[in-house]
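Have a look at the structure below, then the notes.
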Amino acid sequence: MLIRCEHTTYSVEAHDDVLAAWSAARLEEGPLALDLSRVGFIDPYGMCALVLFLNHLPPEALPVRLSLPGWPTDEEPTTGPVSYLTRMGFWEEVHELLDAKPEHVPVRPARLVDRSVLLDITIMRSHDAISVMLRKTGEILQNLGFAITARGHVLEVLSELCSNVLLHAQTEFGGVAAMQTYRNREGGRYLVMSIGDAGIGVRRSLAANMALAERLSSDAQALGVAVQPGASRFASGGHGGGLPRVLEIARRYEGRVAFRSGGGALAYNGVDGQRRSFDAALLSGTQLRIMLPENKMHTDTQGDLLVPVA
């Protein structure tokens, strides 16, 4: 079966199209051929999404014949998405699933990349792995000008989100995270981070709380419920703060959020506070994309008032 991506950037929209094509083609016999030869750029969401997608394909779809610009060839590309995926540790997580000669699988160079601007693909199966991810994320946020209090806000939310993967997702594979700092055309820096899993998803998790059952008629509606304070699979309260606080972080630091689970999607713009939920292609588990611009604010000693840095 062949799935061809027509997008030049592989992120939320492109992966949704691949998922939709997979749903339509998965009844066909034979291994999957995934053609990404038009893709010139892959962001952390796209990388995490591909790692999860490839690692959860049924055996009959394997091995996958993956095509990217300039790959597979006898010469390893030094630029473009293949080179970037190599630096981010992508091939280590998927090479056993691919129909590729061993000599064609790119090998990450021994030299270390600048850890102050990126977090390479990290599989989170334990709290120790989450702790390492959070430490690296703190360094990236510091490099982006986030003060101690601001870093604390973001890291606390990320910690809860990642812990929720271990607590709620019910997946042996664990969660996947990746981050990268970029510059826009005006020279401003911003961070794109993604966290995902292929577990039971938000709707099935919340359905364990009977008080919420009648509000979960669709995955999109479940996402709308999940970002409300206090919404949790636990009826006893005291849980459910992670996703609402993701939106609060985006509002406070003028970021953007894209959240996917099952057949639902949620988008939030922290600049104007607009939020919308809608139906999307079926995705196993959950995946989150957060964009935060570099921080040019600092907090007072109470950590409440944000004022511009002179």
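At-a-glance table
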read-out	value
Whole-number percent relative contact order across the chain, with pairs defined as alpha carbons under 8 Å at least 6 apart	15 percent
Amide H contacts of residue 42 (H built 1.01 Å from N, under 5 Å, at least 5 apart or other chain)	10
Length gained when the stretch residue 184-residue 148 is fully extended (0.36 nm per residue, less Cα-Cα span)	10.5 nm
Positive-pole candidate from 175, 73, 190, dipole of the chain, charges at beta carbon	190
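None of the figures in this text is laboratory data; all of them are computed from the coordinates on show. Computed from a predicted structure; not experimentally measured. Counting neighbours? That spans all protein chains shown, and the Cβs are built from the backbone with ideal geometry, glycine included.
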